[in-house]
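Here the structure comes first, spelled out in structure tokens, and everything after it is commentary.
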Amino acid sequence: LATLALSVAWALVLPAVSAHLAATESISAAIDWRTVISLVRANPGDYVVLIPLGIVIGLIGQAGSILFVVGLVLTMPWAVLATAHLWGQAYFRSRAVLALTAPAPAPVARPAIPAQSMARPTTPASP
């Protein structure tokens with residue numbers, strides 16, 4: 001029972017870890033669990049849907065390689081690309097939700113412009 005719970009948890013987190021690694025190109029950023037969990041919490045529905053879709057896509061890829069030799073060349077790469085695409089879409093949707101819910105940055109105070117710098121420069125009168 002514990003193995004099943006860990007497998008489901010890993011199936012929910014793995015797409016976020018893999019997509020975050022691809023986006024940041026940093027292993028340390030990819031295993032930053034606070035960020036990864038916040039990605040999954042921001043859009044949990046997409047990550048839950050990825051589990052059955054991943055199983056179906058994997059079965060299609062396996063069936064193509066078992067039934068036809070051509071499937072090894074066509075369906076397996078398609079299955080990998082389709083899975084990666086779905087993971088990327090879930091990641092970008094989670095990033096969008098996080099960006100919308102992030103607090104707005106504090107306004108930056110601009111220095112006052114002196115009045116004399118705004119005046120037109122005078123040209124000397126010609127003799």
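Points worth noting:
- Rounded to the nearest 0.05, the FRET efficiency derived from the C-beta distance between His85 and Trp10 at R0 = 25 Å is 0.75.
- Rounded to the nearest whole Hz, the Karplus-based 3J(HN,Hα) values (6.51 cos²θ - 1.76 cosθ + 1.60, θ = phi - 60°) of the range 79-87 follow the sequence 4, 5, 5, 5, 5, 4, 5, 5, 4, with x at glycine and proline.
- Zone residues, the range 6-39, relative to Val49, backbone N less than 17 Å from point 7 Å out along Cα-to-Cβ: 12-13, 15-16
Throughout, read-outs are computed from the coordinates displayed, never taken from laboratory work. Keep in mind the model is a prediction, meaning the values are calculated, not measured. Because the Cβ atoms are built from the backbone with ideal geometry, glycine has one as well, and the counts that use them run over all protein chains shown.
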